[in-house]
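One structure follows; several queries about it will come next.
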Amino acid sequence: MPDTNPAPVADGGPPALTRDDVARLAHLARIDLSDAELDHLAPQLAVILESVAEVSQVAADDIPPSSHALAMQNVFRADEVRSCLTPQEALAGAPQVDQQRFSVPRILGEEQ
Amino acid sequence: MTTTLGAYDDVLDRYAPVLGLETHVELGTATKLFCGCSTAFGAPPNTQVCPTCLGLPGSLPVTNEAAIEFTVKIGLALHCEIATWCRFARKNYFYPDMPKDYQVSQYDEPLCTDGYLDVVVGGEAFRVEIERVHLEEDTGKSLHVGGATGRIHGATHSLVDYNRAGIPLVEIVTRPVQGTGHKAAEVARAYVTELRDVLRDLGVSDVRMEQGSLRCDVNLSLMPAGATQLGTRTETKNVNSLRSVERAVRHEVERQGARLDAGERVVQETRHFHEDSGTTSPGRSKEEAQDYRYFPEPDLVPLAPARELVEGLRATLPEPPSVRRAAFAEVNGFTAIDLEQMVNAGVLDLVGETIAAGASPTKSKGWWLGYLVGRANELDVEVSELAITVAQVARISELEDSGELTNKLARQVADAVIAGEGDVDAVIESHGWKVAGEDELIVAVDAALAAQPDIAAKIRDGNQGAVGPIVGAVMKATGGAADATRARELILERAS
């Protein structure tokens, strides 16, 4: 079941993005930002969001919000088996392989 | 640390249980949800993977049409509304079971919503309301190495097989189920049983819990009887058999009841179920719930199932299991109570197959419900996993009907087959089990009457009720090989 998700952005105005928001997003994305980097990047991200939000000024009420660049829906593929990679190909980029599996460091969290 | 438990019925005298069930079903499509890799179970690790399901740069997903149709069929069979337009969403998290570092799922726009499934327990009907049915991709399988128990705790590293990553997985979520009272555990089990049968009849999944193609999370909370404010719930993850669903509910009722009685609070958390002990233990605390940052999946276009498609699929739905079962009961002369008992014990199909293998309906039902379910419980396995085939049960039943085995001997034969001693006839031969002959029976009857002269006198005086102890003595003397009906006749005859 879905857990928490950020509140949706209200129609019209750009969301206010604080330095704390950026710090939290960086943590969620596992990016280790220093205080100096946060000071530098947080205002930049706010500018990017404001620029993108200008789109909403030209979008009239009769234009529905879109999550995709193409006006398409129902693009499907038939349920037919295609050839896969060989295990050697699949594992070629793995830092470590054991028992034909990807060997990864100890998992600290819980299974999802 | 030991956990204090209340007695199940005692707890439910004072608290009202609220159930919630989240069931995951792997669809039986030939290929994965977003790529053409095979979904066949049991292949060597990492042989059913491609750039898309490995999340390699530049790969793009394309939705499997069959997976959408299967999900719509499930929604229709559960009386849901089918969305006219919806999207997949990215669920972002860092865990090596998904190589992309996100799982494609559905968030606030599921394919199916607002349905229900009816179950019957103890002659009482319960409507379980379905909140949503959505489609997502399954994760890879991790093997935790270096720990004592194969669990994450104590492991030094993990090995991941991505064959399962990307297999279409449908999640079916109920609304809170209230008003079950003492039947909470049975209702939970009956719901999953019924759901499994619906899914199997639809042909959308092989619904094999032991292989993980049907997995269940059990939510449970308690509130004081008469209260309206819901209590704090726990979510017990990956409960992987019908029996375990019932046991997990029982355990959580007893554990939470004891905490509340002691004035402690129930912690909102994820718990793990332990098959061996039937208990749960704490996992991740829900209070530090992750922020998955769901957003609409930009690599996939929206889904808009056409109404003609939906109605076309509705027309292909098989009759619901309840209708099929009623016909089965009618043909075989079973009552509604028989039917409910067989369904909820999970033996209806086994009984049907035993009848098809040549046994009478009464005997087939009697063997499974009256004996083999109990044996399975004693052996701590699912009844369907007992090491005896329907053909073997039918053969034992046939030998019982023909008088070649008494009921007692027949049960011994079944036990020997289950113990792996061999096939029915071989077991009978090796043990030399056969019904006592007339001569042997007469000797045993005479001996039993002589040993208890006062009872023999009562029988002579016409007290038929006194026959029982003598029959028992004859049975004991013959090692269960006496035909009880014939023994009774002989006792009446020889006593006078």
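The values are calculated or read from the model by the stated rules, or taken from the named source; none is laboratory data. Computed from a predicted model, the values in this text were never measured in an experiment. Glycine gets a Cβ as well: all are built from the backbone with ideal geometry, and neighbour counts include every protein chain shown. Note: areas computed on protein heavy atoms with side chains; ligands, DNA, RNA excluded. Shrake-Rupley method; radii C 1.70, N 1.55, O 1.52, S 1.80 Å.
In nm, to one decimal, how far is the residue B:267 label point from the residue B:79 one, both placed 7 Å along Cα→Cβ?
Roughly 3.9 nm, to one decimal.
Can you list the aspartates and glutamates whose alpha carbon is less than 12 Å from that of residue B:183, not counting same-chain residues fewer than 8 positions off?
Partners within reach: B:9, B:13, B:124, B:246.
Looking at chain B, which Cys residues are left with no other cysteine's beta carbon under 4.7 Å from theirs?
Isolated Cys, chain B: B:35, B:37, B:50, B:53, B:86, B:216.
Right, here's the next one. List the residues of segment A:52-86 for which accessible area in the full set of protein chains is at least 40 Å² lower than for the chain on its own; 1.4 Å probe, protein heavy atoms only.
Residues losing area: A:67, A:68, A:73, A:74, A:75, A:76, A:77, A:79, A:81, A:84, A:85.
Which whole-number percentage describes the relative contact order of chain B, with Cα contacts under 8 Å and a sequence gap of 6 or more? Before the final figure, lay out each step's value.
Working: 890 pairs, mean separation 72.5, N = 496.
Relative contact order of chain B: 15 percent.
Which of the lysines could a cross-linker bridge to residue B:237, judged by Cα under 17 Å and excluding same-chain residues fewer than eight apart?
B:141, B:286
Throw me the Rg/Rh for the protein assembly as shown, computed over C-alpha atoms with Kirkwood Rh, two decimals. Could the numbers behind the result be given before it?
On the way: Rg = 30.6 Å, Rh = 28.4 Å.
Radius of gyration over Kirkwood radius for the protein assembly as shown works out to 1.08.
Report the charge-dipole magnitude of segment B:438-495 in Debye, nearest 20, computed about the Cα centre from +1 at each Lys and Arg Cβ and -1 at each Asp and Glu Cβ. Kindly include the intermediate steps, with their values, before the conclusion.
Working: 6 positive and 9 negative charges, 46 e Å.
Here the size comes out at about 220 debye.
Could I ask something else about it? So, by mean Cβ neighbours within 10 angstrom, what's the order for B:93-106, B:315-328, B:415-428 with the highest one leading? Could the numbers behind the result be given before it?
Working: B:93-106: 19.3, B:315-328: 14.1, B:415-428: 15.9.
Final packing ranking: B:93-106, B:415-428, B:315-328.
Could I ask something else about it? What's the extension gain from residue B:425 to residue B:494 if we count 0.36 nm per residue and subtract their Cα-Cα distance? Numbers along the way, then the final one.
Details: separation 69, 0.36 × 69 = 24.84 nm, distance 3.41 nm.
Here the segment from residue B:425 to residue B:494 would lengthen by 21.4 nm.
Could you please report the charge total around residue B:100, scoring K, R as +1 and D, E as -1 over all other residues with beta-carbon less than 12 angstrom from its beta-carbon? Walk me through the numbers on the way to the answer.
Numbers: positive: B:90, B:91; negative: B:97, B:101, B:137, B:297, B:299.
Once all neighbours under 12 Å are counted, the net charge is -3.
Let me confirm one metric for peptide B:156-163, namely the mean number of other chain beta-carbon atoms within 10 Å of its residues' beta-carbons.
5
Highest first, please rank the peptides B:188-198, B:74-84, B:258-268 by the mean number of other Cβ atoms sitting within 10 Å of their residues.
B:188-198, B:74-84, B:258-268
For the pair residue B:408 and residue A:36, how long in nm is the line joining their label points, each one 7 Å along Cα→Cβ?
9.1
Still on this model: At a probe of 1.4 Å, how much accessible area disappears from chains B and A on forming the pair, both sides counted, to the nearest 100 Å²?
Its buried surface, counting both partners, is about 5000 Å².
Assuming a ≥ b ≥ c are the square roots of the Cα gyration tensor eigenvalues, decide whether segment B:8-315 counts as rounded (a/c under 1.5), prolate (otherwise, with a/b larger than b/c) or oblate. Spell out each step's value before the answer.
Details: a/c = 1.87, a/b = 1.31, b/c = 1.42.
Note, shape of segment B:8-315 comes out oblate.
Rounded to the nearest 20 Debye, what is the dipole magnitude of chain B about its Cα centre when Lys and Arg each give +1 and Asp and Glu each give -1 at the C-beta?
780
Could I ask something else about it? Just to verify a number: FRET efficiency for residue B:125 and residue A:106, C-beta to C-beta distance, R0 = 45 Å, to 0.05?
So the FRET efficiency works out to roughly 0.35.
Specify whether the C-alpha gyration tensor of segment B:77-151 places it in the rounded, prolate or oblate class, a ≥ b ≥ c being the square roots of the eigenvalues: rounded for a/c under 1.5, otherwise prolate if a/b is larger than b/c and oblate if not.
Verdict is oblate for segment B:77-151.
Any idea what the relative contact order of segment B:413-487 is, in percent, if you count C-alpha pairs under 8 Å spaced at least 6 apart? Could you put the intermediate results ahead of the total?
Details: 51 pairs, mean separation 21.9, N = 75.
RCO, segment B:413-487: 29 percent.
Same structure, new question: Using θ = phi - 60° and the Karplus curve 6.51 cos²θ - 1.76 cosθ + 1.60, what whole-Hz ³J(HN,Hα) does each residue of segment B:183-190 get, with Gly and Pro shown as x?
Per-residue couplings from phi come out as 8, 3, 5, 6, 5, 4, 5, 4 Hz.
For Cα pairs less than 8 Å apart in space and 6+ apart in sequence, what is the mean separation divided by the residue count of segment B:1-103, i.e. the relative contact order in percent? Before the final figure, lay out the partial values.
Values: 66 pairs, mean separation 19.1, N = 103.
Reported as a whole number, the value is 19 percent.
Rounded, prolate or oblate: pick one for segment B:438-495, where a ≥ b ≥ c are the square roots of the eigenvalues of its C-alpha gyration tensor, a/c under 1.5 means rounded, and failing that, prolate if a/b is larger than b/c, else oblate. All intermediate terms of the calculation are to be shown ahead of the outcome.
On the way: a/c = 1.74, a/b = 1.61, b/c = 1.08.
Since a/c reaches 1.5 and a/b is larger than b/c, the shape of segment B:438-495 is classed as prolate.
Do any of B:365/B:408; B:32/B:100; B:32/B:73; B:408/B:458; B:408/B:434; B:365/B:476 go past 21 Å between their Cα atoms, and which?
B:408/B:458; B:365/B:476
Put +1 on the Cβ of every Lys and Arg and -1 on every Asp and Glu Cβ in the protein assembly as shown; which of B:306, B:205, B:55 then has its Cα farthest towards the positive end of the dipole?
Highest projection toward the positive end goes to B:205.
Nothing charged except the Cβ atoms of Lys and Arg (+1) and of Asp and Glu (-1): what's the magnitude of the dipole of segment B:321-431 about its Cα centre? Round to the nearest 20 debye.
340
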